[in-house]
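I have a structure I would like to understand better, so I am pasting it below and will then ask my questions one at a time.
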Amino acid sequence: MIAVNGNHVIEIRRHGERDYPFECCGLMLGRFEAERKVVVETYQISNAREEEAKRNRFLIRPEELMRGEKAAREKGLDVVGFYHSHPDDRAAPSRYDLEHAWPTYSYIVVSVENGEAVDLRSWEMESDRSRFNEEEILSLSPWERAGVRA
Ligand SMILES: [Zn+2]
């Protein structure tokens with residue numbers, strides 16, 4: 001399960017709409033808890049591929065990932081997942097995504113049709129890397145986001 005708040009969802013949707021018809025991608029920074037990942041903030045990164053190849057592929061350059069991990073560490077956070085958009089395609093990971101993913105992380109895919117984000121889902125890889133399973137997105141209140149428990 002991945003816990004986000006409404007702002008994170010809006011940020012990811014907007015990023016996908018802004019980069020349409022190309023894929024956007026970014027990181028989710030937060031904390032690994034016992035039964036879930038908690039997103040504290042999103043971290044936008046550019047798509048590393050050439051213009052023509054940007055559709056339906058996503059790739060984060062190692063130096064961009066390292067920069068994101070450093071930004072997370074400085075805030076006492078971890079990279080808990082990745083997000084990217086599927087322009088005019090379903091909010092489900094492609095075979096390419098499966099081949100380039102790692103277990104443990106969450107993968108949010110936002111479907112952007114005709115420039116409008118229409119669906120957003122989160123996925124986690126099976127530990128044997130055979131497939132992705134959809135995971136529940138829990139929407140947290142701002143209080144929980146700040147680490148304050150009622
Ligand atoms: Zn994809």
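The values are calculated or read from the model by the stated rules, or taken from the named source; none is laboratory data. Treat the numbers as computed from the prediction; the structure is a model and nothing was measured. Heads up, the Cβs are rebuilt from the backbone with ideal geometry, glycines too, and the neighbour counts pull from every protein chain shown.
Are any residues in the range 86-99 part of a strand (DSSP E or B) and within 25 Å of Ser130 (Cβ to Cβ), and if so, which ones?
Once the filter is applied, which keeps residues that are part of a strand (DSSP E or B) and within 25 Å of Ser130 (Cβ to Cβ), the range 86-99 yields only His86.
Rundown of residues vs (1) assigned to a strand (DSSP E or B); (2) near the ligand (Cβ under 10 Å from one of its atoms); (3) touching a residue at least 12 places away in the same chain (Cβ under 8 Å), yes/no style:
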residue: Val79; (1), (2), (3): yes, no, yes
residue: His84; (1), (2), (3): yes, yes, yes
residue: Pro103; (1), (2), (3): no, no, yes
residue: Val109; (1), (2), (3): yes, yes, yes
residue: Val112; (1), (2), (3): yes, no, yes
residue: Arg121; (1), (2), (3): yes, no, yes
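Here's another thing I want to ask about it. So in the range 89-130, with the set limited to residues that are surrounded by fewer than 19 Cβ atoms within 10 Å (Cβ to Cβ) and in contact with a helix residue (DSSP H, G or I) (Cβ under 7 Å, 6 or more places away or on another chain), which one is nearest to Met1 (Cα to Cα)?
The selected residue is Glu116.
Give the range 81-94 a look and list any residue that's of a type outside the set (S, T, N, Q) and within 17 Å of His15 (Cβ to Cβ), or say none.
Gly81, Phe82, Tyr83, His84, His86, Pro87, Asp88, Asp89, Ala91
Go through the range 19-61 and report how many residues are assigned to a strand (DSSP E or B), at pLDDT 90 or above and not charged (D, E, K, R).
Selection size over the range 19-61: 13.
Filter the range 18-35 for residues that are touching a strand residue (DSSP E or B) at 6+ places or on another chain (Cβ under 9 Å) and surrounded by fewer than 17 Cβ atoms within 10 Å (Cβ to Cβ); which is farthest from His86 (Cα to Cα)?
Checking each candidate, the answer is Glu33.
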